[in-house]
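Every number here is computed from the coordinates shown, using simple stated rules; none is lab data. Since the model is a prediction, treat every value here as computed from it, not as a measurement. So basically every Cβ, Gly included, is an ideal-geometry build from the backbone, and we count neighbours across all protein chains shown.
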Amino acid sequence: MIGTVISKNRKEIRLTSERWSHIVESHDYMAGNQDIVFETLENPDIIIGGEGEEFIAVKHYSKTSISEKNAVVIYKEQEVDGFVITAFMTSKPEKIVKKGFIWKK
């Protein structure tokens, strides 16, 4: 277990070592950016409903390890807690946001 944070729905969301390894293998620039994942979950700019029952938290960062980007964290909430599915950064959040948000700052 790497850590947990509390989502906007007051659920504890966990980031496991297995998930973090998957994220970094798929998106090597995410290495060293666990703090951005946790901050995006705790304090997103918007939350979008995903394809299934997952949520997509998006937060803009004027400066990251690779440039100005939007962090995207996809996670699932269960009855008691939840977990991170994946995370990445994008410069084109409008492709994700066009799905329509369910919560906005």
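At 0.36 nm per residue, minus the direct Cα-Cα distance, what do Ile66 and Glu79 gain on full extension? Give it in nm, one decimal, please. Mind showing how you got there, number by number?
Numbers: separation 13, 0.36 × 13 = 4.68 nm, distance 3.58 nm.
Taking 0.36 nm per residue and subtracting the Cα distance, the gain is 1.1 nm.
Using the Cα centre as the reference, give the magnitude of the dipole from point charges on the C-beta atoms of the chain (Lys, Arg: +1; Asp, Glu: -1; all else neutral), rounded to the nearest 20 debye.
On the way: 15 positive and 16 negative charges, 93 e Å.
Magnitude of the dipole: close to 440 debye.
A simple spin-label model places the labels of Asp35 and Lys92 3.0 nm from each other, with each point 7 Å out along Cα-to-Cβ.
Restricting to Cα pairs below 8 Å that are 6+ residues apart, what does the relative contact order work out to for the chain? Please round to a whole percent.
On the way: 202 pairs, mean separation 29.0, N = 105.
Once normalised by length, the contact order is 28 percent.
In the elastic network of the chain, a GNM with C-alpha springs shorter than 10 Å, the most mobile of Glu79, Glu25, Glu51 is Glu79.
For the chain, what is the convex hull (Cα atoms) projected area averaged across all directions, in square nanometres? Don't skip to the answer; put the middle values down first.
On the way: hull surface 24.5 nm².
Orientation-averaged projected area of the Cα hull: 6.1 nm².
Below 14 angstrom from the Cβ of Lys11, what's the summed charge of the other residues (Lys, Arg +1; Asp, Glu -1)? Overall, the nearby charge balance is -3. Among all the lysines, which ones have a C-alpha under 23 Å from Lys76's C-alpha, if same-chain residues fewer than 8 places away are not counted? Once the sequence-local lysines are set aside, what remains near Lys76 is Lys8, Lys11, Lys59, Lys92, Lys95, Lys98, Lys99, Lys104, Lys105.
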